[in-house]
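Taking it in order: structure first as structure tokens, then the write-up.
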Amino acid sequence: MEYLRIDGEFPRLAKSAVTLGKFDGIHRGHRKLVEKILEQKKEGAQAVLFAFDVSSQMILTREERRGLLEDMGVDVLLECPLDTRMKHMKAENFVREILVGDLQAAYVAVGEDFRFGYERKGTPQLLRELGRKYHFVVDVLPKEMDGHRKISSTYIREELNRGNMEKFNALMGMDFAVEGVVLHGRGMGRKFLFPTANIIPSKEKLMPPNGVYITVSYFGDRCYKGITNVGYKPTVGEKFLGVETYLYGCEEDLYGQSCRVEFKKFLRPEQKFSSLEALKAQLQRDVAGGEAYFDKIR
């Protein structure tokens, strides 16, 4: 997949099938749009995803998004900051100069709530009219639904902020995950409590509330069930946000290895304990709670 972050001029592409939006997380509704542009590859078009970057913290990091879209078969990912030029470009100018002029769009797929151009005056209906004028096909897809509510990044962010991992995972069509390289900590877990694998999440990653979660961690083709603490570990006074995972039955030396931690269920909020002994007693209860969860879904 070709990855292009726009800083000034747009690239000149050949015949393309384009979907546009914020795409800060590739949720179930976004996947429908991606599927539509992938279908156009049979007609000789490049599948192009045009992402407006508007948020400092994302449901998927840019790196995660790139990896997922490449796996899905997208040919070109354009990341376009919503800068002054883009905010003030009239809707028809955007279509004429960028969609048609630069990207050579033959097909465009958007959601029913898509807005573009100056003062967000560009609507799906206007896009259809401009498609007829400039000779490209437009598909407007209805929103994916969760009961009576439309699936959107806003809805998904709300559930993540609540720590509702089951709902988040269902809306996304994939588990919330944090990726990183296992780092050396203070060694306090191994010395006093339970040995753990520690990673630091990307600053652009939108995280769930600090607390303890039931998780599954992947190291290449190996996976371990476990429990994960997200937070600052107030009992021992860390100063950075960390993701610390106790892995059931793992005795490997994992330092320096790449890890992906997938979150299944929220157990409890992060809290400060009066002593390491009190913390250890709670961690034993957390471990038991995780084991009961995995026994139940086995």
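The values are calculated or read from the model by the stated rules, or taken from the named source; none is laboratory data. Remember, it's a predicted structure, so these values are computed and weren't measured experimentally. Every residue, glycine as well, gets a Cβ built from its backbone with ideal geometry; the counts of neighbours run over all protein chains shown.
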SER16 passes all but one of the listed conditions (1) surrounded by 16 or more Cβ atoms within 10 Å (Cβ to Cβ); (2) over 15 Å from the mean Cα position of the chain (by Cα); (3) more than 13 Å from LEU103 (Cβ to Cβ); the exception is number (3)
Point to revise | Boolean, ALA288 is farther than 30 Å from LEU60 by Cα, assigned to a helix (DSSP H, G or I) and either aliphatic (A, V, I, L, M) or touching a residue at least 60 places away in the same chain (Cβ under 8 Å) (or both) | key: yes
Restricted to segment 135-165 and to residues being among the charged types (D, E, K, R) and within 15 Å of the chain's Cα centre (by Cα), the residue farthest from GLU92 (Cα to Cα) is GLU159
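Sort through ARG96, ARG128, ARG132 and tell me the only one that's in contact (Cβ under 8 Å) with a residue 24 or more places away in the chain and over 27 Å from the mean Cα position of the chain (by Cα).
ARG96
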Considering segment 248-269, residues that are part of a loop (DSSP other than H, G, I, E, B) and of a type outside the set (Ser, Thr, Tyr), and then whichever is surrounded by the most Cβ atoms within 10 Å (Cβ to Cβ), we arrive at LEU254
Those helices (runs of 4 or more DSSP H) completely within segment 19-104 that have 2 or more residues that are touching a strand residue (DSSP E or B) at 6+ places or on another chain (Cβ under 9 Å) and at pLDDT 95 or above are 28-39, 62-72
Those residues of segment 136-183 that are β-branched (Val, Ile, Thr) and without any contact (Cβ under 8 Å) to a residue 40 or more places away in the chain come to a total of 4
